[in-house]
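Structure first, then comments.
The values are calculated or read from the model by the stated rules, or taken from the named source; none is laboratory data. Quick caveat, the model's predicted, so the values are computed rather than measured. Glycine also receives a Cβ, built like all others from the backbone with ideal geometry; neighbour counts cover every protein chain displayed. For the accessible areas, the whole protein counts, side chains as well, though only heavy atoms, and no ligand, DNA or RNA atoms are used. Shrake-Rupley method; radii C 1.70, N 1.55, O 1.52, S 1.80 Å.
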Amino acid sequence: MNRLATAVDRAIGQLLEDDPPEGLCVAATGGYGRRQLSPGSDVDLSLLLAAEDDPALDRRAKTFYSRLIVGLQQTAGLQIGYSFRSLNDLESLEELDAKTRCGLIDARCVAGDSRLFDRFLTEFWERADRGRMVYERYDEFMSRRARFVGGSMRVEPDLKLSPGGLRDAHTVRWVSTLVGNPLIATEDSGRLAAGEAVLYRYRWALHRMRRDGKDDLPRSRQEDLAVAMGVVQEGKPDVAELMSALLGAMRTVQNISEEAIDRAINGRLTVEGFEVERGTILQIPGNRSLEALSLTQRYPINCVRPEGPLRLTQAAIGRAMAKILAERGKVGLALRTAVRFDLLRFMLPNLDRCLSFVPPDPSHEFTVGEHTLRTVERLDEYWNSDDSPFRNALQEIESPETLYLAAALHDVGKLDYSAPHSISGAKIAQRATKAWQWPKDQAKDVVFLIRNHLEMARTARQHDLSLPSTIAQFCRLAKTPERLRMLYLLTCADTSSVGPGVWTPVFAEFLRELYIRAMNRLEGDSGTPDEDLARRRLLRELSKRPIPQRQIDEHAKRMPASYLLSHTPEQISLHIVYVERAMKGEPQFDWKVSENGAWTELTICAQDDPQPGLLAKIAGVLYACDVGVHSARVFTRKPGIAIDTLWIDYRDKPLSVQRCEMVQRELTSVLLGQTELASVLKRHRREMNAQPQIIKAEGRNERGLTFIELHYPIGLDALYQGASAMARQRWNIHSARVGSWAGRAVTSFYVTDVHGRKVSEADLERFLKKARA
């Protein structure tokens with residue numbers, strides 16, 4: 001390894017020529033800086049310049065870089081990792097990433113102006129926050145343990161990154177340098193060096209064999225490695241002996257390194273100006289309280305109660321809050337610590353006042369403040385989850401502090417009864433961001449999110465998401481993909497933190513569907529498909545199936561375009577068969593559990609009532625059988641065949657086979673006129689309320705349909721009562737949604753009158769007036 005590094009040193013010296021100008025030098029970093037190069041190792045270099053604005057040095061640097069790529073990478077086949085550095089970079093050393101700072105620990109001058117290198121290195125160590133760098137190494141050390149579970153006992157280890165691998169030995173030396181303490185006894189130092197030597201020997205052989213520079217050792221390569229290293233028994237590769245020696249060395253390295261790192265992290269360190277011992281800040285001046293909170297987010301360090309008052313300008317608080325709120329995955333931790341040490345009243349005084357405030361909404365399980373903290377922590381959970389769609393959305397947000405501040409303030413307006421809390425909260429946020437001197441665009445986004453934090457839930461819960469007009473209207477509100485992502489995450493975090501029964505798998509699916517449809521539209525899809533083209537494609541697909549062409553053409557002719565555009569060829573094929581049977585007087589049922597296993601999708605194909613009311617009968621039977629309904633889509637094939645699809649569950653779970661059979665028997669009896677619905681309700685001990693209480697009634701006309709929203713007391717009969725009300729008006733239901741909101745059952749319907757037109761304004765007003773009475 002040393003000889004390879006020396007050879008590279010000579011080659012670089014020749015490329016830079018014998019007499020380079022002052023102000024330019026080449027430094028080796030990383031493994032090359034340690035002179036520990038294996039055949040597949042990267043050659044990490046930093047080209048140091050005395051000044052960035054010197055044209056002569058700039059030209060020389062570019063010439064050298066071109067020669068380097070040709071001479072070492074293209075000709076010798078070495079992989080070059082490079083960076084350009086200047087003395088000015090040291091002024092912003094803390095802005096460099098942790099890996100870059102660590103690489104400079106092993107830096108050495110290879111060629112060029114050695115005085116420049118010495119000056120650079122001296123200033124680096126003068127400016128370096130050694131305690132912070134120790135914690136950065138500790139974070140990387142522990143992250144590898146979480147990634148490679150099993151440590152040095154993995155049968156397919158990574159020679160570099162697994163616990164007990166080369167990176168552990170490197171970490172011990174880096175941390176020893178940073179703390180100025182060897183950390184391990186002389187005897188352990190020798191054992192560590194011996195284990196490291198074994199690992200390098202295996203790595204050298206593995207790199208020569210693989211030629212791809214990778215350090216993982218899968219089972220498939222262990223026999224070849226045994227042969228390459230001469231570990232054979234009776235002419236055959238002795239894999240057991242090969243791996244026993246390797247894993248034994250790794251176990252030694254792992255044990256010694258873990259003890260050494262534990263000793264360092266529990267010792268006394270200075271981190272960003274704070275004295276830390278055994279992972280706890282020893283003393284926090286009042287004016288540095290928010291800095292301490294930020295520190296505990298980034299490293300496993302605990303706070304103590306600050307001493308003295310916090311006297312900061314609002315602008316200073318704003319800068320500190322931006323830093324705290326931008327730390328995705330750790331914001332809840334900082335706010336909980338702030339509550340513990342009575343700092344929240346300085347950071348977010350309105351949220352502090354909400355900690356003991358009981359909301360009037362009976363669906364809330366906690367105070368407004370606790371609910372808010374849980375909402376923030378839910379966002380943290382999204383970030384810390386593996387391969388979650390929520391994490392992906394959160395990762396794409398440009399300014400996470402915007403979302404987190406909106407989450408922290410979204411309900412503070414509940415303290416003000418003079419206006420809806422979303423309006424009051426938005427005004428509070430506007431004043432806060434102005435006092436903090438946050439950028440105007442961020443401030444506007446915070447205000448937008450708080451003002452509209454209920455709108456996505458309302459749209460998903462109450463509106464037909466298959467209608468392009470629904471998506472178009474919602475997109476006019478969101479306006480940009482960035483705002484849509486933040487509103488989606490805030491809605492999910494907020495709703496799932498309210499209390500039992502509010503966040504359900506069905507509602508989660510409604511939100512996801514709205515998010516996807518809206519994002520597609522905002523990113524360029526108009527959301528309005530070409531109906532003629534879609535119909536032709538569908539008919540072409542259906543013609544491949546074993547169904548008479550006459551039946552296919554007849555079905556497509558008699559069904560509305562919205563049906564054809566919202567169903568798959570497989571579903572339509574099944575419906576055609578069901579229609580033929582239903583026309584003979586046999587109601588047809590299709591039961592299917594959702595893909596996520598959270599609810600049951602029931603499709604019913606039956607002869608429609610001469611008068612509107614089929615959905616009311618279906619909803620009544622489901623109510624009698626203790627089945628909850630979340631949504632219904634209703635399509636009528638002329639003349640007189642209805643295809644209704646409902647999302648249902650039984651106590652928040654899919655229906656069992658036995659319950660499906662019971663429901664189907666009752667539905668068949670009622671739909672064929674063999675049993676009155678009232679008898680079914682009585683048999684199942686369900687009351688029929690002839691005059692149900694309507695808490696709220698709203699309605700409006702939209703592009704050929706009339707939207708009606710009715711609020712009832714919480715109960716499984718909400719859809720039945722609402723559908724019955726529509727039937728009494730002889731209105732045809734096209735779709736329905738059922739959900740809960742503020743302790744009420746909310747039903748919403750898209751209807752037309754008996755002639756298939758939207759309800760007249762006069763008839764709608766009469767209905768709403770009577771319902772409100």
Protection proxy ranking of 543-554, 448-459 - average other beta-carbon atoms within 10 Å, highest first: 448-459, 543-554
Cα-based helix-to-principal-axis angle, 421-436 vs the chain, degrees rounded to 10: 20
Contour excess over end-to-end distance, with Cα ends at residue 565 and residue 155 and 0.36 nm allotted per residue: 142.3 nm
Cross-link table 99/440; 592/638; 434/479, entries beyond 31 Å C-alpha to C-alpha: 99/440
Accessible area per residue, Å², the chain with all protein chains present, probe 1.4 Å: 47
Part-to-part distance (alpha-carbon centres) for segment 448-469 and segment 603-647, which is given in Å: 25
Rounded tilt (10° steps) of 549-558 against the dominant C-alpha axis of the chain: 80
Separation of alpha-carbon centers, segment 738-773 and segment 246-261, rounded to whole Å: 71
Nitroxide proxy distance, nm - points 7 Å out along Cα→Cβ at residue 52 and residue 238: 5.8
Helix axis angle, 114-127 relative to the chain longest principal axis, alpha carbon, degrees: 50
Inter-centroid distance (Cα atoms) of segment 367-398 relative to segment 172-194, Å: 40
Pairwise label distance in nanometres, residue 728 with residue 653, each label 7 Å out on the Cα-Cβ vector: 3.7
Estimated FRET transfer efficiency (residue 770, residue 700; beta-carbon r; R0 22 Å; 0.05): 0.85
Portion, in percent, of the accessible area of the chain that falls on carbon or sulfur, probe 1.4 Å: 47
Reported label for calculated mean projected area of the Cα convex hull in nm² given (i) 44.7; (ii) 36.4; (iii) 42.2: (i)
Distant-in-sequence amide H partners of residue 232 (H built 1.01 Å from N, under 5 Å): 238
Cβ crowding within 10 Å averaged over residues, with 573-579, 228-234 ranked highest first: 573-579, 228-234
For segment 648-655, Karplus couplings with θ = phi - 60° (6.51, -1.76, 1.60), whole Hz, Gly/Pro x: 9, 8, 10, 6, 6, 9, x, 5
All lysines inside 27 Å of residue 696 as judged from Cα atoms, apart from same-chain residues fewer than 8 positions distant: 414, 617, 758, 769, 770
Packing-based ranking, highest mean first, of 41-48, 142-149, 485-492, 267-274 given that Cβ atoms within 10 Å are counted: 485-492, 41-48, 267-274, 142-149
Expected 222 nm ellipticity per residue - DSSP helices of 4 or more, -39500 (n - 2.57), all of the chain, to 500: -16000 deg cm²/dmol
